[in-house]
Amino acid sequence: MAYDKLFTEFPEVTTEQWEAAIEKDLKGADYDKKLIWKTIEGFNVKPYYRAVDLQGLEYLENNPDEKPFVRGHHKNNNEWEIRMDMDCEDLKAQNEIALECLERGVNSVGFNAKNVQSEEDLKILLNGIYPEYIRINFLKSRNFLNLLKIFVAYCKNNNIDCAKVKGSLNFDSYFYALKHGKFYGSNKENMDEAAEIMKYAKENLPLFKTITVNGNIFSNAGSNISQELGFSLAMANEYLYNMTERGISAEDCVERMMFSFATGSTYFMEIAKIRACRLLWSNIAGQYSQDDRAAKIFIHCEDTKYNKTVFDAYVNMLRTTTETMSAVVGGADSIAVMPFDVAFKQSDEFSRRIAVNQQILLKEESYLDKIVDPSAGSYYIETLTKNIAEKAWELFKEVEKQGGYEQAVRNGFVQQSVMATEQLRAKDVAKRKTVIVGTNQYPNITEKEVKIDKNETCPCEKETEKEFMPLCPTRAAKPFEKLRIDVINAEKKPKVFNLLYGNLAMRNARQGFSTNFFGVAGYDIVSKPTDDITAGCEDALKENPDIVVLCSSDDEYPEFVKAALPVLKGKVQHIIVAGNPEDALKEEFNAIGVTDYINVRTNALDSLTKYNDALLHC
């Protein structure tokens, strides 16, 4: 055909030619430092990928809905369930919220069933809701087996076809143990209970899932993606082993089990995580059964809490949008978008409406439900899938070497691994290498006080006797938020005066940096340019600032600093230079009274903590 000749007109470009062109453009700069992304997962990401990078990936020849199911379970579409979880305990209030969300397009609801003790309670909770058409998920319960029996009785007594009822129980004794530092019974008792629940569900609610593998606990504690996946697979494998030991087939077990992951902000990595999960689970399940039913796993995704913020909370909408897109493109079976105010209060009608609309827009206006496996064939995403799978598999094997997931938790291996990663991530946040918009970078300095109505204490703090180290959820923004809350609660806000002099571009850039730097702590900030250094310093002192930041170019700082310090010294607590002068100049500046320097290498958290201590408690 005519268009076949089109491609013969363009000679193939080799990898060597690409590399030569890149080296030329770098003009001597270090290739690795400039273009290689060293991920916290432990592998490097190149600036580009080619077909040769996919050699050896056997699953690329498989179609959707074929083992190893990397391309998902759907042949003709990319449908997913739109889920909303309740964050209150009152049964009537949950029912009202659920009905409100169902009217807006939700088709899966997560209920807090802690207070469900009878059919009468379920009548209140499920009033106007039809379990044959809406997936019912029970998130919390004092006794999941008893709850399941009550639910079955409710369905039968209300002429609901149990064979059509879909939903899940958030039964996960390993999740409970990790949060509380102990099992609520022995592990054997918990597994016996899980098996009994699973058998009862098979007999009465054949489409109901009874075990949820809550991998979200790792992400919410600050893990990397490979850790979340590797430890989740180890947990799921332990369930599968224990259930088959109790006479449940691998197929029956997997059909009543689901993963729940937390989706973070590394867009392409999160897409690859879901695909890697299906690949690795197919390998694990294959050790128990060759039946396709054992290799198919239901994956639910929710947004991670780790990157959510109290201040400038509307930015959370942007975070949850990209996170939801990752889950959709990756092929999640069910997705719950957290309301943007989840970090500091219970959701309201507005925040829930926005959360639901995010999924509706992705489905009904962006048509992301129409294309099967939209990321298939991307050299980049396929390579990420492989890399994440390799790292997660290494971790999975290490857990197995330690005697399995339970023993790895008792040894502290799981907890220590995640905590070590979180410390690295927290360090990058403190230095602002990792940007949390509105919190450690680009703050909304006009934002008023935020009313915090949520207690973020970890469940393990209530436990007096722990069998092993718990794993506590956290948020990366909390240390910076504490700085700002302390300033809000102080009798007097610290004031910063940015004094600008000289080169217009450089002084404005450094004024912006200083405003950004002190703005994240909520300080009052005044900025003013001057052509007369002495007069400018006198204007600054009229504002009675606690801090004066000198903003200029490197070449003009010697003149600026030497003229400004005699006027400012002794009349203002802190005199700062915005920038990073050479060591010799720093020594000279320090000798005449400069107290500090702020620049991109400054640990913002440590520095602002120091200023808060000095200015709020004097």
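The values are calculated or read from the model by the stated rules, or taken from the named source; none is laboratory data. If you're wondering where the values come from, they're calculated on a predicted model, not measured in any experiment. Heads up, the Cβs are rebuilt from the backbone with ideal geometry, glycines too, and the neighbour counts pull from every protein chain shown.
Conditions tested, residue by residue: (1) part of a helix (DSSP H, G or I); (2) at pLDDT 95 or above.
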residue: Tyr3; (1), (2): yes, no
residue: Phe7; (1), (2): yes, no
residue: Val13; (1), (2): no, no
residue: Ala20; (1), (2): yes, no
residue: Lys24; (1), (2): yes, no
residue: Ile40; (1), (2): no, yes
residue: Tyr48; (1), (2): no, no
residue: Val52; (1), (2): yes, no
Enumeration of residues in segment 566-576 that are in a helix (DSSP H, G or I) and more than 46 Å from the chain's Cα centre (by Cα): Pro566, Val567
Residue within segment 417-431 that is within 14 Å of Ala477 (Cα to Cα), touching a helix residue (DSSP H, G or I) at 6+ places or on another chain (Cβ under 8 Å) and charged (D, E, K, R) present: yes
Residues (without any contact (Cβ under 8 Å) to a residue 40 or more places away in the chain and over 14 Å from Tyr597 (Cβ atoms)) located in segment 548-558: Pro558
Any pair with Cβ under 6 angstrom, 6 or more apart, that starts in segment 40-59 at a residue that is farther than 15 Å from Thr15 by Cα and ends at one that is surrounded by 14 or more Cβ atoms within 10 Å (Cβ to Cβ) and not polar (S, T, N, Q): Glu41/Ile225; Glu41/Lys391; Gly42/Lys391; Tyr59/Pro68; Tyr59/Val70
Scope segment 486-532; condition part of a loop (DSSP other than H, G, I, E, B) and of a type outside the set (A, V, I, L, M, F, W, C); matching residues: Glu491, Lys492, Lys493, Pro494, Tyr501, Gly502, Asn503, Gly522, Tyr523, Thr530, Asp531, Asp532
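This table checks each residue for (1) closer than 30 Å to Glu461 by Cβ; (2) in contact with a Cys (Cβ under 9 Å, 6 or more places away or on another chain); (3) in contact (Cβ under 8 Å) with a residue 60 or more places away in the chain.
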| residue | (1), (2), (3) |
| --- | --- |
| Leu126 | no, no, no |
| Asn137 | yes, no, no |
| Ser141 | yes, no, no |
| Cys155 | no, yes, no |
| Asp161 | no, yes, no |
| Gly167 | no, no, no |
| Lys179 | yes, yes, yes |
| Phe183 | yes, no, yes |
Gly222 assigned to a loop (DSSP other than H, G, I, E, B), at pLDDT 95 or above and buried (at least 24 other Cβ atoms within 10 Å of the Cβ): yes
Matching option when the condition is among the aromatic types (Phe, Trp, Tyr), under 27 Å from Asn455 (Cβ atoms) and assigned by TED's automatic domain parsing to the domain that holds Gly181, among Tyr306, Tyr380, Tyr405, Tyr367: Tyr306
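Does Leu541 meet the test of being in contact with an Asp or Glu (Cβ under 9 Å, 6 or more places away or on another chain) and assigned by TED's automatic domain parsing to the domain that holds Gly519?
No.
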Filtered residue count, segment 218-252, keeping only those that are touching a residue at least 60 places away in the same chain (Cβ under 8 Å) and farther than 19 Å from Lys199 by Cβ: 17
Filtered residues of segment 515-561 (kept if closer than 29 Å to Ile488 by Cα, surrounded by 24 or more Cβ atoms within 10 Å (Cβ to Cβ) and hydroxyl-bearing (Ser, Thr, Tyr)): Tyr523
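Test Ala313 against the criterion of being closer than 19 Å to Gly215 by Cα, among the small types (Gly, Ala, Ser), under 19 Å from the mean Cα position of the chain (by Cα) and not assigned by TED's automatic domain parsing to the domain that holds Thr434, and give yes or no.
On the way: closer than 19 Å to Gly215 by Cα: no; among the small types (Gly, Ala, Ser): yes; under 19 Å from the mean Cα position of the chain (by Cα): yes; not assigned by TED's automatic domain parsing to the domain that holds Thr434: yes.
Judged against the criteria, Ala313 is not a match.
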Some residue of segment 158-169 being among the hydroxyl-bearing types (Ser, Thr, Tyr), not assigned by TED's automatic domain parsing to the domain that holds Leu424 and not in a loop (DSSP other than H, G, I, E, B): yes
Count of segment 204-219 residues which are part of a helix (DSSP H, G or I) and in contact with a strand residue (DSSP E or B) (Cβ under 6 Å, 6 or more places away or on another chain): 2
Contacts under 6 angstrom Cβ, first residue in segment 591-604 being outside the structural domain of Phe560 (by TED's automatic domain parsing), partner surrounded by 13 or more Cβ atoms within 10 Å (Cβ to Cβ) and in a loop (DSSP other than H, G, I, E, B), 6 or more apart: none
Unmet criterion (only one of (1) surrounded by 21 or more Cβ atoms within 10 Å (Cβ to Cβ); (2) in a helix (DSSP H, G or I)) for Glu120: (1)
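Can you find a residue that is surrounded by 15 or more Cβ atoms within 10 Å (Cβ to Cβ), in the same structural domain as Ser417 (by TED's automatic domain parsing) and either assigned to a helix (DSSP H, G or I) or at pLDDT below 95 (or both) anywhere in segment 458-467? Full working, then the answer.
So in segment 458-467, the residues surrounded by 15 or more Cβ atoms within 10 Å (Cβ to Cβ) come out as 458, 460.
Restricting the remaining residues to those that are in the same structural domain as Ser417 (by TED's automatic domain parsing) gives 458, 460.
Of the ones still in play, those that are also either assigned to a helix (DSSP H, G or I) or at pLDDT below 95 (or both) are 458, 460.
For segment 458-467, residues surrounded by 15 or more Cβ atoms within 10 Å (Cβ to Cβ), in the same structural domain as Ser417 (by TED's automatic domain parsing) and either assigned to a helix (DSSP H, G or I) or at pLDDT below 95 (or both): present.
I'm trying to understand the selection: among the residues of segment 60-73, which are touching a residue at least 24 places away in the same chain (Cβ under 8 Å) and over 12 Å from Gly330 (Cα atoms)? Even if it seems obvious, please write down each step before you answer.
Within segment 60-73, the first condition is being touching a residue at least 24 places away in the same chain (Cβ under 8 Å), and the residues that meet it are 60, 64, 67-73.
Matches in segment 60-73: Leu60, Pro64, Lys67, Pro68.
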Contacts under 6 angstrom Cβ, first residue in segment 100-118 being over 22 Å from Asn157 (Cβ atoms) and of a type outside the set (Gly, Ala, Ser), partner in a helix (DSSP H, G or I) and modelled with pLDDT of 95 or more, 6 or more apart: Cys101/Val356; Arg104/Val356; Val106/Val356
